[in-house]
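Notes for the one structure printed next.
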Amino acid sequence: MRATVIHAPHDIRVEEVPDPAIRLPTDAVVRVLKACICGSDLWAYRGESARQPGQRIGHEFLGVVEETGAGVDGFTVGDLVVAPFVWSDGTCAYCADGLTTSCPDGGFWGSVGSDGGQGEAVRVPHADGTLVKLPATAASDDRLLTALLALSDVLGTGHHAALGAGVTKGSTVAVVGDGAVGLCGVLAAKRLGAERVIALGRHTARTDIARRFGATDVVAERGEAALAAVRELTRGEGAHSVIEAVGTEQSMRTALDIVRDGGAIGYVGVPHGSASGVDLGVMFDRNIALRGGVAPVRTYIPELLPDVLDGTIDPSPVFDLSIGLDEVPAGYRAMDGRTALKVLITP
């Protein structure tokens, strides 16, 4: 079959690889209907996170079950399923606590020795603990199928950030980062009842989506001007909750500067390129809470799925470029050059 592999920084190729096969009784093989490129894939693309030449890549996909191992009880051939970006066994103490990303038998798609999501099919370890069944009728609704793909990562990650930031009904939330995760953070904050959502971003196409998702205000300024703008919108106090969806030292400093005393920051931006920029002294003096990390999206999918299915929330606008599998290298270039927000792949 064909799948995406990375050979070196800026060297993404679609190549023939061995077909996935059942190795353990708990495995399933899923034929991919929709996949996508994530902003975090760009760190490998840019050489900021190490990859072995020829390693698979991609961690967001949904598709149809083609084969199951003898130990798989919850799925049959033909089921439409979505996969979270980490597989997990569903039985360990961490999974029971909802922290599926810490499952000792779990792993990330595209890690050494595993299949990546940007291909024609994927071997899924621990299928019963990992996959979530979707209504079969969704397969014929392209817009809905695209929206459901967001459950594999960005929608659940935005939700995780909103929970970490302590978003509550009637609160004021600021979102640092106008990528797909930040925009889904806007959607999540609105869903949780935030009264005011301030999106920080300079790209009109992205801030237009933020407004569509529920942002009440957009701050296009940068640096000190951005801080002053947020303070002005919040009576000089700052936001009760801040979602940090970038992962740089500057973005974390911005989050600390615009959060209200006694407030909280939910961070889900993958840290890269520098230190975190967190000043514990400032956090201590101002009673600021910090919570976040790798989102256990498998835990969140059952909660978010009904709202996607009935149209209460629709994350599909974050996918602004659709390509075929052979066009994946161009998709990486588009996201790296910020001419695309999030690239949808239809193998």
Next on the checklist: Could you tell me the center-to-center distance, by alpha carbons, between the stretch 200-229 and the stretch 43-74 in angstrom?
Outcome noted: 34
Checklist entry - Averaged per residue, what accessible surface does the stretch 188-347 expose to a 1.4 Å probe, in Å²? => result 46
Checklist entry - Over the chain, what is the percentage of antiparallel beta bridges among all DSSP beta bridges, to the nearest 5? => result 55
Item to check | Neighbour-limited loop hits for trypsin sites (Lys or Arg not before Pro), the stretch 125-182 (at most 14 other Cβ within 10 Å; DSSP other than H, G, I, E, B) | outcome: K169
Checklist entry - Under the rule of -39500 (n - 2.57) per DSSP H run of 4 or more residues, summed and divided by the residues of the chain, what mean residue ellipticity at 222 nm is obtained, to the nearest 500 deg cm²/dmol? => result -8500 deg cm²/dmol
Checklist entry - Just one of [x] 32, 58, 10, 0; [y] 30, 55, 15, 0; [z] 33, 62, 6 is P(r) over Cα pairs in 20 Å bins from 0, in percent calculated from these coordinates, so which is it? => result [x]
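Taking only C-alpha pairs under 8 Å that are 6+ residues apart, what is the relative contact order of the stretch 227-289 in percent?
RCO, the stretch 227-289: 35 percent.
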Item to check | Among P18, P271, P302: highest mean-square fluctuation, GNM of the chain, C-alpha pairs under 10 Å | outcome: P18
Checklist entry - When the dipole is taken about the Cα centre of the stretch 13-89, and only Lys, Arg (+1) and Asp, Glu (-1) are charged at their Cβ, what size is it in debye, to the nearest 20? => result 320
Next on the checklist: Could you sort the peptides 150-160, 4-14 by per-residue average Cβ neighbour count (10 Å cutoff), highest mean leading?
Outcome noted: 150-160, 4-14
Checklist entry - Using alpha carbon centroids, what distance separates the stretch 291-323 and the stretch 235-287, in Å? => result 24
Checklist entry - Alpha carbon centre of the stretch 101-147 versus the stretch 154-176: separation in Å? => result 25
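Give the relative contact order (percent, whole number) for the chain; include only Cα pairs under 8 Å separated by 6+ residues.
18
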Item to check | Per residue accessible area in Å² of the stretch 1-121, where ligands, DNA and RNA are left out and the probe is 1.4 Å | outcome: 41
Checklist entry - Round to a whole number: what % of the accessible area of the chain belongs to carbon and sulfur, probe 1.4 Å? => result 51
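The values are calculated or read from the model by the stated rules, or taken from the named source; none is laboratory data. Bear in mind the structure is a predicted one, so any value in this text is a computation, not a measurement. All Cβ positions, glycine included, derive from the backbone under ideal geometry; neighbour counts span all protein chains shown. These area figures cover heavy atoms from the full protein model, side chains too; ligands, DNA and RNA do not enter into them. Shrake-Rupley method; radii C 1.70, N 1.55, O 1.52, S 1.80 Å.
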